[in-house]
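Structure first, then comments.
The values are calculated or read from the model by the stated rules, or taken from the named source; none is laboratory data. Small disclaimer: the values here were computed from a predicted structure and weren't measured. Cβ: placed from backbone, ideal geometry, glycine included. Neighbour counts: every protein chain shown.
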Amino acid sequence: MCGIVGYVGKERAAPVLLEGLKKLEYRGYDSAGIATLSAGKLQVAKRKGRVEGLASAAQTLQGNIGIAHTRWATHGAPSERNAHPHVYRGIAVVHNGIIENAKELREECEAKGEVFSSETDSEVIAHLIAETYRGDLLLAVKEGTARLKGSYAIAVLCEGAGNVIAAAKRGSPLLAGKGERCVLASDLPAAAAFAKEVYALKDGEFALLKGNEVRLFDGELNEIRREPLKFDLKEEDGGKNGFSHHMLKEMAEIPASIANSLVNLQAKSRFSPICIVLCQTYYIQIVACGTAYHSGVAAKAAIEALSRVPVEVCIASEYRYRDPIVRKGTLVIAVSQSGETADTIAAAKCAKEKGAKVLALTNVPYSSLTEVCDFCIYTHAGREVAVAATKSFMAQLAALFSLASALAELKGRSAPPLAPFPALAEDALARSERVKGWAKALRSAKSVYFIGRGYDYAAALEGSLKLKEVSYLPGEGYPAGELKHGTLALVGADTPVVAIVGDKRIAEKTMNAVHEVRSRGARVFLVTTIEDLGAGILPLEDILTLPSCEAVFSPLLTVIPLQMLAYETAVLLGNDPDKPRNLAKSVTVE
Ligand code: M6R
C-alpha cells in the first residue's frame with residue numbers, strides 16, 4: 001500500500017532508490033517516482049506503471065540524496081500526475097497512508113490561492129509543509145503534519161534546507177537505517193539491504209537523515225536515543241530461484257513454512273506468559289482480513305473441536321465499528337502476514353482498549369501489529385513476495401493449529417499430532433500437478449464455486465479468493481449444504497464447481513451437493529483426502545486424492561491444490577500472478 005524510500009550517501013541516489021523501490025514494489029505498483037536534490041535544486045521523474053518503467057527516466061536524475069515512492073492508488077486514478085513525489089514551492093513529499101481531512105485542508109489552501117497539480121490526498125502535505133517552512137525543515141514537518149488526520153509515513157526533501165531528508169510517522173510503517181549511507185524504507189528487508197543499523201520509528205516521531213547520520217525525535221522534537229533493531233534476515237534475495245513466478249516458488253516452500261511455523265507451545269513452560277493467558281482463556285476472538293481471515297475460519301473449527309473453547313472470527317474492518325463485546329477471559333488473536341494491515345491493527349487496538357489480552361500472529365518481526373499486542377507468535381514462513389498469500393497462509397494455519405492443540409491440552413483434552421504435516425504437504429504438492437488440466441476448463445468459466453462443509457469450508461473460501469485474486473474469475477466459496485438455499489440458481493454448464501472433502505464424517509453430505517450441481521450441468525472437480533471418494537461418480541481426472549490426514553487439520557493439505565489451480569489458471573489467462581491488478585500485498589490504509 002505504497003512504499004517509500006529515502007537515501008543520503010556518497011553514490012548517485014537514483015539507482016539506489018530504484019533498487020529500494022523494487023524491494024517495496026509488492027506494496028503497490030500503479031505508478032512510481034523519484035525526487036533528488038542536485039546543487040540545491042529538486043529533480044523529479046515519475047511514471048505510470050511499474051518501477052521498471054521508471055528506470056530510463058531516472059537516468060537523468062543527479063544528486064546523492066533523494067526520496068522515492070511506489071504507489072497503490074487511494075485518492076486519484078493511477079497516472080503520472082498522481083504519482084509521488086508531490087512538489088510544492090521547493091518541497092517534495094512521498095507519502096504512505098491516507099489523509100482523511102485532505103479535502104478540507106486542500107480547500108483551505110486553494111482559498112489562499114495555492115494551486116494543486118494532482119487529485120491525491122498526499123499533495124496537501126507538501127502544501128502544509130511549504131506554508132510553515134521558515135528555514136527549519138524538521139519544525140515545518142512537525143507543524144505541517146500536526147494538521148493531518150489519518151495515517152502517514154512521509155519523507156521530505158527541501159530546496160534550500162541542504163542535503164537533508166526529514167521524515168515523520170503516524171500509523172504507517174517507517175524505518176531509518178545507517179551505515180556507510182543513510183536510508184528510509186517502509187519495511188525492514190528494504191532498510192536492512194542498505195544499512196547495518198536499523199531503527200523503527202514509532203507513531204508521532206520524526207527523523208532527520210544527513211551524511212551518514214540518522215537522528216530520531218519525539219513529538220516535541222526532543223532528540224531520542226534508541227537501540228537498533230536486532231534482526232537476523234537471512235537475506236532472501238527476493239529472487240525467483242529458477243521458478244517462473246514468485247507465487248510458484250512460494251508454494252514450493254509450503255512444507256518448510258509449515259515445519260518452521262509449528263510452534264510447540266505444549267512443550268513451553270506452563271508458566272510462560274502465553275500459556276498463563278491460555279489457561280485463563282474462555283473465549284477467543286480472531287480478527288483478520290482476506291486470507292488471514294480464512295486461516296481464522298479454519299482455526300475456529302479446530303480450536304472449538306479440540307478444546308471446546310468458543311471462537312468468534314471477525315473481519316477486522318468490521319470489528320471496531322460494531323462495538324464488540326469483550327468478556328472477561330477473552331483472548332483476541334490478530335492474524336496478519338505483514339503485521340501492517342491497518343484494519344487488523346485498528347481491531348487489535350480496539351480489543352485492547354476493551355480489556356482483552358491480544359496476541360499477534362504475524363510473519364514479520366517488528367511490524368506495527370507487534371507494537372500494539374501483548375504477545376506475539378511469529379509464523380516464520382520467510383519473505384513472501386507474491387501478492388497472493390500462499391506459504392504464509394499455511395504457516396498461519398500451522399501456528400493456529402498448534403495453538404488449538406496447546407489449548408486443548410491445557411484444558412485436559414488431547415489433540416492429534418501436527419508433526420507429519422510438512423511431509424504430507426510435500427506429497428500434496430507433488431499430487432497437485434493434476435490441476436493443470438482443471439485450469440484449462442476454468443479459464444473459460446463464467447464463474448467458479450468452491451464448496452465445503454465443516455473443516456472444508458475455510459478451504460473453499462480461500463480457494464475462491466485465490467482464484468479471484470490472480471485469475472480475475474468471479475465466484476464464491478460456499479458451505480456445501482447451503483447452496484440449495486439459493487445460490488444453486490446460478491449453477492450450470494458454464495460454472496464449474498470445486499468440491500473439497502477432508503472429513504469422512506461429512507463426506508456423503510458434501511457429495512449430495514456434488515450430485516445436485518452435476519444434475520444442473522456443472523463440471524465438478526473434487527479435492528479430497530479420502531481414498532476412493534468420487535470414484536464411479538466423477539471422471540478420474542477430475543478427482544485429486546491427497547494423502548489422508550486428521551480431518552481437523554486437513555486445510556493444511558486441501559488448500560495446496562486450490563492455490564495451484566489459481567496459479568495455473570492465471571498463467572493460462574496471461575495474467576501476472578505475482579502482481580494482480582488493483583491489489584497490493586500490504587494494505588496499510590483503513
Ligand atoms: O498482511 P495481512 O495478512 O494482514 O493481509 C491481509 C489481506 O490483505 C491478505 O491476506 C490478502 O487477502 C491477500 N492478498 C490474499 O492473498
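A few comments on the model shown:
- Once region 464-482 is narrowed to residues that are more than 18 Å from the chain's Cα centre (by Cα), assigned to a helix (DSSP H, G or I) and among the small types (Gly, Ala, Ser), the residue that is nearest to the ligand (Cβ to nearest atom) is Ser471.
- Note on region 313-345: among residues that are touching a strand residue (DSSP E or B) at 6+ places or on another chain (Cβ under 6 Å) and within 11 Å of the ligand (Cβ to nearest atom), the one that is farthest from Ala395 (Cα to Cα) is Ala316.
- Condition check for Ala348: within 15 Å of the ligand (Cβ to nearest atom), within 18 Å of Thr281 (Cβ to Cβ) and assigned to a helix (DSSP H, G or I): yes
- Count of region 6-22 residues which are closer than 13 Å to Ala45 by Cα and surrounded by fewer than 24 Cβ atoms within 10 Å (Cβ to Cβ): 2
- Any hit, region 390-398, residues being within 16 Å of the ligand (Cβ to nearest atom) and assigned to a loop (DSSP other than H, G, I, E, B): yes
- Close pairs from region 324-344: first within 13 Å of Leu278 (Cα to Cα), partner within 8 Å of the ligand (Cβ to nearest atom) and modelled with pLDDT of 95 or more, Cβ under 9 Å, at least 6 apart: Ile333/Ala288
- Where a residue in region 566-586 is outside the structural domain of Thr70 (by TED's automatic domain parsing) and within 17 Å of Pro496 (Cα to Cα) and its partner, wherever it lies, is β-branched (Val, Ile, Thr) and more than 11 Å from the ligand (Cβ to nearest atom), with Cβ under 9 Å and at least six apart: Tyr567/Val435; Glu568/Val435; Thr569/Val435; Thr569/Val448
- Glu371 vs. criteria at pLDDT below 95, among the acidic types (Asp, Glu), more than 20 Å from Leu403 (Cβ to Cβ) and away from the ligand (no atom under 12 Å from the Cβ): yes
- Selected residue (criterion: nearest to the ligand (Cβ to nearest atom)) from residues of region 552-583 that are surrounded by fewer than 24 Cβ atoms within 10 Å (Cβ to Cβ) and hydrophobic (A, V, I, L, M, F, W, C): Leu583
- Residues of region 63-79 that turn out to be surrounded by 15 or more Cβ atoms within 10 Å (Cβ to Cβ) and either more than 26 Å from the chain's Cα centre (by Cα) or part of a loop (DSSP other than H, G, I, E, B) (or both), as a count: 11
- Answer residue from region 489-513, given it is farther than 19 Å from Glu462 by Cα and among the β-branched types (Val, Ile, Thr) and is surrounded by the fewest Cβ atoms within 10 Å (Cβ to Cβ) among those: Ile506
- Evaluated against (1) in a strand (DSSP E or B); (2) crowded, with 23+ Cβ neighbours inside 10 Å; (3) charged (D, E, K, R), Arg170 falls short on exactly one condition, (2).
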